[in-house]
Amino acid sequence: SDNALCIRRWDYSETSQTVSFFTREHGVLRGIAKGAKREKGSFSGGIDLLTRGRVIAITKTGRELATLTQWDLEEIFPALRTSLACNRAGLYIADLLHHFMMDAGPEPVLFDATVTSLQSLQTSADARRVLVDWPWRLLCAAGYRPELDHDAETGESLNSGDETFGFSAQAGGLVADTGTGDRWRVRSETIQLLRAMRSGDDVVLHEVPEITLQRAGRLLAAYIRSILGYETSAMRWTFPDVPA
């Protein structure tokens, strides 16, 4: 069995479901849960999106879908069902896990961080913080942590006193702020926040101005969109003003 978070689900029949889990020890797992919606079955009455529990599955080489044999619900994250902002943040997390981690291996650190992020969602202010902190952790886990100290194109040191920097998704980090269309202009406050998160400093996100959180969230969303090569549906309505 494995600790798992439901990130997608589809009705397969009146009583069965096709489910995509982000698991702690096996990465993304997709499978069919036959009879999942029967009250007296082995699936806690059905598997809901953004719930955590223990899953047991049978996998076979060459088969895309595993056979899910048991699901024991352990956590439901109530605020995701009472707060629109928290719900959207949760859906953004589930959407990016589906698109970003489908072919990845086990990521227990990211799994634990994801559960902690969902547990922290209580208010709209929490949602703004999670929309910066969690995508940063996703990028780090996937090997796409942006370069923030040196020019990602030339390797030269950057002037820490500059008020703005350039950010190139293609280069993977900060570059000279030339104003050309292949890079985004980013304020120094945004970069200072990301640097503090990268260094492991005790960043008190509660004290970061809302506008700085919003800018950092948009930047990370734009970077993730560039890596994927497309904009996901949740990204579109979470950050409708992401720079082109």
Any hit, region 143-151, residues being in contact (Cβ under 8 Å) with a residue 24 or more places away in the chain and either part of a helix (DSSP H, G or I) or hydrophobic (A, V, I, L, M, F, W, C) (or both):
yes
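Every residue, every condition in (1) more than 15 Å from Ser16 (Cβ to Cβ); (2) modelled with pLDDT of 90 or more, yes or no:
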position	(1), (2)
Arg54	yes, yes
Glu64	yes, no
Trp71	no, no
Glu75	yes, yes
Arg88	yes, yes
Leu96	yes, yes
Phe111	yes, yes
Can you find a residue in region 46-53 that is surrounded by fewer than 17 Cβ atoms within 10 Å (Cβ to Cβ), under 24 Å from the mean Cα position of the chain (by Cα) and not in a loop (DSSP other than H, G, I, E, B)?
no
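Let's see how each residue does on (1) in a loop (DSSP other than H, G, I, E, B); (2) hydrophobic (A, V, I, L, M, F, W, C); (3) not assigned by TED's automatic domain parsing to the domain that holds Arg9:
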| site | (1), (2), (3) |
| --- | --- |
| Thr61 | yes, no, no |
| Glu64 | yes, no, no |
| Thr67 | no, no, no |
| Trp71 | no, yes, no |
| Arg88 | no, no, yes |
| Leu91 | no, yes, yes |
| Leu96 | no, yes, yes |
Given the condition at positive phi and in the same structural domain as Leu84 (by TED's automatic domain parsing), answer yes or no: does some residue in region 180-194 qualify?
no
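Looking at Ile93, is it in contact with a Leu (Cβ under 9 Å, 6 or more places away or on another chain) and surrounded by fewer than 17 Cβ atoms within 10 Å (Cβ to Cβ)? Even if it seems obvious, please write down each step before you answer.
On the way: in contact with a Leu (Cβ under 9 Å, 6 or more places away or on another chain): yes; surrounded by fewer than 17 Cβ atoms within 10 Å (Cβ to Cβ): no.
When the stated conditions are applied, Ile93 does not pass them.
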With the checklist (1) modelled with pLDDT under 90; (2) surrounded by 14 or more Cβ atoms within 10 Å (Cβ to Cβ) in hand, flag the one item Asn159 doesn't pass.
(2)
Considering (1) in a helix (DSSP H, G or I); (2) out of contact with any Cys (no Cβ under 6 Å at 6 or more places or on another chain), say which one Ala171 fails and leave the rest.
(1)
For the list (1) modelled with pLDDT of 95 or more; (2) assigned to a helix (DSSP H, G or I); (3) more than 28 Å from Ile7 (Cα to Cα), I need the number of the one condition that Trp136 fails.
(3)
Being in contact (Cβ under 8 Å) with a residue 60 or more places away in the chain, out of contact with any strand residue (DSSP E or B) (no Cβ under 6 Å at 6 or more places or on another chain) and under 25 Å from Ala85 (Cα atoms), is that true of even one residue in region 181-199?
yes
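The values are calculated or read from the model by the stated rules, or taken from the named source; none is laboratory data. Given the structure is predicted, the values throughout are model-derived calculations rather than measurements. A quick note on method: Cβ atoms are made from the backbone with ideal geometry, for glycine too, and the neighbour counts reach across all protein chains shown.
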